[in-house]
């Protein structure tokens, strides 16, 4: 979900007056009939969408509650959704029907210039693909190990122009996200034409796999790493370590050798599934908890032993 506060260069504690001031400045800067730079049109749309939500107390409250979780598992309810007005209508309503000075605005026939990038009621005439809607999709390390299919409810806006009138609605659709064993964080899944539908143009949705933190393992490529802190005694005379792997089978390491900080013990084939078959390794990284001080008696004993 886009961060509307960042789009308007605002803090989340901003006032309604702050929101209006920021919209005024940015809308004038990025309106496509004034700014011909690449990306100005998309920036103008983002600014308008952000202003429409944040300037409405009810929409802002709903947005604040859900902005960090735009996608929800089917069991977790709906995400934030609103029927966005077209940017030109927002602009004209803010500045008045005649724009903001001279010849009905920017100097065109309808207040926005002769090469207006909108047609009737603000629908885009350029036959371009809508910018994809991008979201993170969090999965656990276990789900990345075994693979999983998750049903997800998508909420999308539908906007159609008919007889010079805009009809806006929303609809939902269930899609299945198939996670394959061994997939890595950053893997992208594209759902074509599953996003907002704006007058015969439909967004794609791109999900990027995000790995949840695990309480025992860190993933490095195809390997699983666990950090073990030994006492000074264990580091000198050896230790026995046991942990349940992601495959629910125990991983056991036992040694009578001395261990130094940074030493690693490797168990082959107990890591994550590899793309072309096989598994990575389990790696035990050693850290040592050195005592702050010894008694005189302990120091003498260490001198005699070492």
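The values are calculated or read from the model by the stated rules, or taken from the named source; none is laboratory data. For clarity, every value in this text was computed on a predicted model and none was experimentally measured. A quick note on method: Cβ atoms are made from the backbone with ideal geometry, for glycine too, and the neighbour counts reach across all protein chains shown.
Looking at segment 225-240 only, could you name the residues that are free of Cβ contacts under 8 Å to residues at least 60 places away in the same chain and under 30 Å from residue 276 (Cβ atoms)?
Within segment 225-240, just 226 meets the criteria.
Any idea which of 121, 116 is surrounded by 15 or more Cβ atoms within 10 Å (Cβ to Cβ), at pLDDT below 50 and outside any loop (DSSP other than H, G, I, E, B)?
Selected residue: 121, the only one of 121, 116 that is surrounded by 15 or more Cβ atoms within 10 Å (Cβ to Cβ), at pLDDT below 50 and outside any loop (DSSP other than H, G, I, E, B).
How many residues, within segment 14-55, are assigned to a loop (DSSP other than H, G, I, E, B) and either at positive phi or within 22 Å of the chain's Cα centre (by Cα) (or both)?
1
Hey, could you check segment 1-38 for residues that are out of contact with any helix residue (DSSP H, G or I) (no Cβ under 9 Å at 6 or more places or on another chain) and within 27 Å of residue 196 (Cα to Cα) and say which is surrounded by the most Cβ atoms within 10 Å (Cβ to Cβ)?
Result: 33.
Confirm whether residue 284 is in contact (Cβ under 8 Å) with a residue 24 or more places away in the chain and surrounded by 13 or more Cβ atoms within 10 Å (Cβ to Cβ). Let's see the steps before the verdict.
On the way: in contact (Cβ under 8 Å) with a residue 24 or more places away in the chain: yes; surrounded by 13 or more Cβ atoms within 10 Å (Cβ to Cβ): yes.
Here the answer is yes, as residue 284 does meet what is asked.
Right, residue 218: free of Cβ contacts under 8 Å to residues at least 12 places away in the same chain and either out of contact with any helix residue (DSSP H, G or I) (no Cβ under 6 Å at 6 or more places or on another chain) or surrounded by fewer than 16 Cβ atoms within 10 Å (Cβ to Cβ) (or both) or not?
In short, yes.
I'd like the full set of residues that are surrounded by 11 or more Cβ atoms within 10 Å (Cβ to Cβ) and over 24 Å from residue 181 (Cβ atoms), limited to segment 235-256.
Of everything in segment 235-256, those that are surrounded by 11 or more Cβ atoms within 10 Å (Cβ to Cβ) and over 24 Å from residue 181 (Cβ atoms) turn out to be 235, 236, 237, 238, 239, 241, 253, 255.
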